[in-house]
Amino acid sequence: MNRKLKQSIYFGLFRVSGWAVVAAIAVLIGYLLFYGIGAINWEFLTQAPRVGMSKGGIFPQLLGTIYLMALVLIISIPIGILSAVYLVEYQKNKFMKGVWRVVVHNLAGVPSVVYGLLGLGLFVLLLDMGASLIAAGLTLSILVLPIIIASTREALIAIPPSLREASIALGATKWQTVRHHILPYAMPGILTGVILSLSRAAGETAPIILVGAAYYMPGLPDSLFSAFQALPYHIYALATQTRVALTGQSLYGSALVLLMLVVGMNLVAIMLRNKYRKKYRW
Amino acid sequence: MVIHVTDITVRQLNVHFDKAHALKDVSMRIEEKKITAIIGPSGCGKSTFIRCINRMNDIIPSAKVTGDVLVDGTNIYDAKVDVTDVRKKIGMVFQKPNPFPKSIFENIAYAPRIHGTKRKEDLSLIVERSLRRAALWDEVKDRMNKSAYDLSGGQQQRLCIARTLAIEPEIILFDEPCSALDPIATAKIEDLLIDLKKDYTVVIVTHNMQQAARVADRTAFFYLGELIEYGSTRDLFEKPEKDLTEQYITGRMG
Ligand SMILES: Nc1ncnc2c1ncn2[C@@H]1O[C@H](COP(=O)(O)OP(=O)(O)OP(=O)(O)O)[C@@H](O)[C@H]1O
Ligand SMILES: [Mg+2]
């Protein structure tokens, strides 16, 4: 076969694959928009569901998901970033570094329902938190830690050692070097991990069912220790109703809101990332 | 008036990287306000040697340093000595220019700021003085807030020198500062080195024997981790005492 022909066959394959991905996303979003956009209005976002979830809105579920994301942000992001910094910048023992890396990698591959079981055993039962927001927040935090650690680690090791040397040679301490150079230069990569984590926290269903999300409950959670509702589980609830015909629009509306939440966050992350990229480039 | 003696006395210095013995029993005295060149074939321990003088080897986990390095009469490896004070007194410029990915101003203001200078006016003065001393001021004074990465390689290296001058060191170590530069940029740095020795003790590692001959008062020849010969630059190049030295400077070494 001649080389030009071969080339065009392979390029053709690449092109088809590329467009297939775009098409899949376009179909997904188009589908949700088509069926869900009609459901979304002010009332939908600010009211509780009524009449067996077939009417009303999704306010308690939206709020629950936002609470979960906030908890994950507060709990796992500082811990994840600090432990990655420790791992890369402070841990000198090569063997320990290797052990850490393997552990983190494997944790990232553990199915989420297993984290749910961990949360159920540890937070809900052993530590007696009950099925609650805090138990779910902690469980999701553990679930996303490997993501944050891995992406922060990638960002840190991409910084050339010569920049660390430059700062150290000026009489800076290690902490000053980390604080004024390493962390700012790594920020784009760190933010990527943060956003991925928040998206995970917003979308995970299996673990939160085990540790505190209610299928349906009246009212809003009034403390960290009360049960709550969240969008992904609500979508599941609506989709498994016997009379989906009645809940259909709510269903697609909820999915659309969840999608917009995640896409919105990704956009913010991209903007922040570009800002940092412009500020520090090497 | 306090008279600072900033000569460096190295005694029985040994460096090991895991099993490799990179520096073997090196003893020498580096004179104050002179330029001392370190020459020798690749891998002979030149960088390892000067990185002992500001304790940069401390950041390599596998490096074990034994022996004494006396600066101003104190052993910088003494347990009581704060390593950041050592590095503040002994600046270092590296082989590849390594400016921070920040503005020209921030590159130089960083060190004085972490060492306690807070006022913007004071910082501006230090920045200007350091840039002038590094013969870079005229080229950059109109773009202090531009990224240091927009400078040419030679300018970046002079920026790194200015950055080091801003910590007001007494000794400056250069590890092959010109190896990434073209001849014109190299000549500028060499002029600068000669100017700097009025006020600073300078140690420079170089691969380039002509460079050592041009700028250095004294030259040390290292081979396989050992100090083979050390003396005035002229003596070392014109009548070397050791066969190894002669082989190296005449280019007859494998
Ligand atoms: N971080 C390190 N880990 C292990 N061995 C090292 C390390 N740094 C240097 N060495 C070893 O120590 C010896 C001396 O290296 P050094 O970098 O001091 O040589 P050099 O004279 O500066 O060479 P060059 O002219 O190529 O820069 C070499 O054998 C090198 O392999
Ligand atoms: Mg070297």
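The values are calculated or read from the model by the stated rules, or taken from the named source; none is laboratory data. Only a predicted model underlies this, so the values are computations on that prediction, with no experimental measurement involved. Using ideal geometry, Cβ is built from the backbone for each residue, glycine included, and neighbour counts are taken over all protein chains shown. Ligands, DNA and RNA are excluded from the accessible area calculation, which covers all protein heavy atoms including side chains. Shrake-Rupley method; radii C 1.70, N 1.55, O 1.52, S 1.80 Å.
Between helix B:120-133 and chain B, what is the angle of the helix's C-alpha long axis to the longest principal axis, kept within 0 to 90° and rounded to the nearest 10?
50 degrees
Would you tell me the mean number of C-beta atoms belonging to other protein chains that fall within 10 Å of each C-beta in B:75-88, as a whole number?
Mean shielding count: 2.
Per Stokes-Einstein, at 20 °C and 1.002 mPa s, what whole-number D in µm² s⁻¹ belongs to chain A, with the Kirkwood radius over Cα pairs as the hydrodynamic radius?
The Stokes-Einstein estimate is 100 µm²/s.
What average count of beta carbons from other chains do you get within 10 Å of the Cβ of residues in A:159-169?
6
For the interface of chains A and B, what total accessible area is buried with a 1.4 Å probe, rounded to the nearest 100 Å²?
2000 Å²
Provide, for q = 0.15, 0.18, 0.19 Å⁻¹, the log10 of I(q)/I(0) from a solvent-free Debye sum over equal Cα point scatterers in the range B:152-254.
-0.67, -0.91, -0.99
For the range B:38-61, list whatever residues lose no less than 10 Å² of accessible surface once every protein chain is in place, relative to that chain by itself, with the probe at 1.4 Å.
Buried by the other chains: B:51, B:56, B:58, B:59, B:61.
Roughly how many percent of the accessible protein surface of the protein assembly as shown is carbon and sulfur, given a 1.4 Å probe and a whole-percent answer?
So the carbon and sulfur contribution to the accessible surface is 61 percent.
Helix B:104-114 versus the longest principal axis of chain B: what angle, 0 to 90°, nearest 10, using Cα atoms?
Orientation of helix B:104-114: about 80 degrees from the principal axis.
Using C-alpha positions alone, give me the convex hull volume of the range B:12-150 per residue in cubic angstrom.
Dividing the Cα hull volume of the range B:12-150 by its residue count gives 155 Å³.
Solvent-accessible area per residue for the range A:41-279 at a 1.4 Å probe radius, Å²?
46 Å²
If you take the Cα Rg of the range A:41-85 and divide it by 2.2 N^0.38 Å, with N the number of residues, what do you get?
Cα Rg divided by the expected 2.2 N^0.38 Å: 1.72.
Kirkwood hydrodynamic radius, the protein assembly as shown, all distinct C-alpha pairs: what's the number in Å?
It is 27.9 Å.
Output the direction-averaged projected area (hull surface divided by four) of the convex hull of the alpha-carbon atoms of chain B, in nm².
14.6 nm²
Could you name the lysines whose alpha carbon sits less than 17 Å from that of residue A:174, not counting residues in the same chain fewer than 8 places away?
Residue A:174 reaches A:92, B:88.
May I ask which residue of A:67, A:145, A:223 lies farthest towards the positive end of the charge dipole of the range A:41-279, with charges of +1 (Lys, Arg) and -1 (Asp, Glu) on Cβ and the Cα centre as origin?
The one lying farthest along the dipole's positive direction is A:145.
Under 10 Å, Cα contacts only: if you run a Gaussian network model on chain A, which one of A:227, A:135, A:166 comes out with the highest mean-square fluctuation?
Fluctuation is largest for A:166.
Mean-square fluctuation check for chain B, GNM, Cα pairs under 10 Å: which of B:17, B:105, B:221 is largest?
B:17
What are the residues of the range B:135-172 that lose 40 Å² or more of accessible area, with a 1.4 Å probe, going from their chain alone to all protein chains?
Checking the loss per residue gives B:149.
Just to verify a number: FRET efficiency for residue A:220 and residue A:74, C-beta to C-beta distance, R0 = 25 Å, to 0.05?
0.80
In nm², what is the average projected area of the convex hull enclosing the Cα atoms of the range A:1-135?
Taking the Cα atoms of the range A:1-135, their convex hull projects to 16.4 nm² on average.
Roughly how far apart, in whole Å, are the Cα centres of the range A:194-268 and the range A:49-126?
16 Å
Would you grab the residues whose amide H sits under 5 Å from the one on residue B:223? Only those 5+ places off in sequence or on another chain, please, with H modelled 1.01 Å from N.
B:228
Mean Kyte-Doolittle of at least -0.5 plus a Cα span of 18 Å or more along the axis: flag which DSSP H helices in chain A meet both, please.
Those that pass (Cα extent of 18 Å or more, hydropathy at least -0.5) are A:3-36, A:59-85, A:94-109, A:133-157, A:183-203, A:244-279.
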